[in-house]
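J.: Sharing a structure, written as structure tokens. Questions coming.
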Amino acid sequence: MADTVSSVASGMVVALQANYLEVELDAAPDGCPVRLLCTRRTRLSHRGEAVYVGDRVCVEAIDPGQGRAVVADVEPRHSFLIRPPVANVSLVAVVLAVEQPSFDPDQASRFLLTAERTGLEVILLLTKTDLISAAALESLVARLQGWGYDPLVLSSEAGTGIDALRQRLAGAQLSVLCGPSGVGKSSLLNQLRPDLQLRTAAVSGRLQRGRHTTRHVELFPLGLSARVADTPGFNRPDLPDDPQELGVLFPELRQQLDPWPCRFRDCLHRGEPGCGVSSDWERYALYKAALIELSGLSRPFRGG
Ligand code: GDP
Ligand code: ZN
């Protein structure tokens, strides 16, 4: 019985398992499972082409009965996140809790700077907002707005903001959630996709490992084309070598340069003549400390 379909199909790599790639097809041929377990053509390996989660691929030699196929080609990536390795991410969502664990501004900045280093769009998600008063929440939101972010206010417990989050993520093909452990990332995913709960229960061992190591990243489909990856936290920012590239990691500094660029192109915003950046912002001290770290004098970022 000829079981192998000779046609080719396109899809996205949604998980890596040992030597196999799990590929979700954009449109599956009749009677074929949407997710296929794939090996890769040897010529791909010969060309030294690695394949990552998030990669758009072309598969062939589809065996619908076994749910198997072979990855024949990888499309060029438009972005690549190194840690964890995920291709084609368009949005990085930094997840921080208001309580349990309490909001820690230094840790928050470590995550945000690392997220900004990707050069991708960054949004900030504030979770567990059911745990603090409306007044405390309002003041934290105002503080984060001063950092140049407009945080999405969320509570998985109360169901607050979940629809807004779903809409925000639906606008991006592939989003990554990152943040310290325990801030409620998995709970958010479960709210976004209640059916994931079943899956989580069914393969909990694998998912648990997946969440806490950098080797296993799995993408969760959120709708037609949106997907989200729950990634292990990156707590230690990888600051740029060039001090000139530091400022762009602070949105509140970027915003000041917009209307009034500095007189000198190589301005580091430390009171140089004609500088368009004021010193009146909360994270200015952090910015200056990071500049000093770049010149090798001290290490304010010791996050682990
Ligand atoms: P993760 O490590 O970031 O994936 O965090 P989890 O989703 O596993 O959540 C950690 C703990 O926080 C769990 O005990 C959750 O029940 C709790 N939690 C998650 N979201 C909320 C929330 O919105 N409100 C409250 N009060 N607790 C939450
Ligand atoms: Zn300046």
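The values are calculated or read from the model by the stated rules, or taken from the named source; none is laboratory data. These numbers come from a predicted model, not from an experiment. Note that we place each Cβ from the backbone using ideal geometry, even for glycine, and neighbour counts take in every protein chain shown. When the accessible area is computed, the model is the full protein with side chains, heavy atoms only, and any ligands, DNA or RNA have been set aside. Shrake-Rupley method; radii C 1.70, N 1.55, O 1.52, S 1.80 Å.
J.: Quickly run through the range 88-101 and pick out the residues that are surrounded by 15 or more Cβ atoms within 10 Å (Cβ to Cβ) and either without any contact (Cβ under 8 Å) to a residue 40 or more places away in the chain or in a loop (DSSP other than H, G, I, E, B) (or both).
T.: Looking only at the range 88-101, we keep the residues that are surrounded by 15 or more Cβ atoms within 10 Å (Cβ to Cβ), and these are 88-98.
Hits for the range 88-101 are Asn88, Val89, Ser90, Val98.
J.: Moving on. Being modelled with pLDDT under 85, touching a helix residue (DSSP H, G or I) at 6+ places or on another chain (Cβ under 9 Å) and either of a type in the set (S, T, N, Q) or assigned by TED's automatic domain parsing to the domain that holds Ala93 (or both) is true for just one of Gly223, Gly161, Gly205. Which residue is that? Outline the logic, then answer.
T.: Details: Gly161 fails: modelled with pLDDT under 85; Gly205 fails: touching a helix residue (DSSP H, G or I) at 6+ places or on another chain (Cβ under 9 Å).
From the options Gly223, Gly161, Gly205, the qualifying one is Gly223.
J.: Just one of the numbered conditions (1) closer than 28 Å to Gln256 by Cα; (2) in a helix (DSSP H, G or I); (3) open to solvent by less than 10 Å² (accessible area, probe 1.4 Å) is not true of Ser139; which one?
T.: Among (1) closer than 28 Å to Gln256 by Cα; (2) in a helix (DSSP H, G or I); (3) open to solvent by less than 10 Å² (accessible area, probe 1.4 Å), Ser139 violates only (3).
J.: Can you name every residue in the range 103-136 that is among the hydroxyl-bearing types (Ser, Thr, Tyr) and either assigned to a loop (DSSP other than H, G, I, E, B) or not assigned by TED's automatic domain parsing to the domain that holds Glu157 (or both)? Lay out the reasoning, then the answer.
T.: Within the range 103-136, the first condition is being among the hydroxyl-bearing types (Ser, Thr, Tyr), and the residues that meet it are 109, 114, 118, 127, 129, 133.
Thr118, Ser133, listed by residue number.
J.: Considering the range 149-171 alone, what residues qualify as being among the hydroxyl-bearing types (Ser, Thr, Tyr) and in a loop (DSSP other than H, G, I, E, B)?
T.: Across the range 149-171, the qualifying residues are Tyr149, Ser156.
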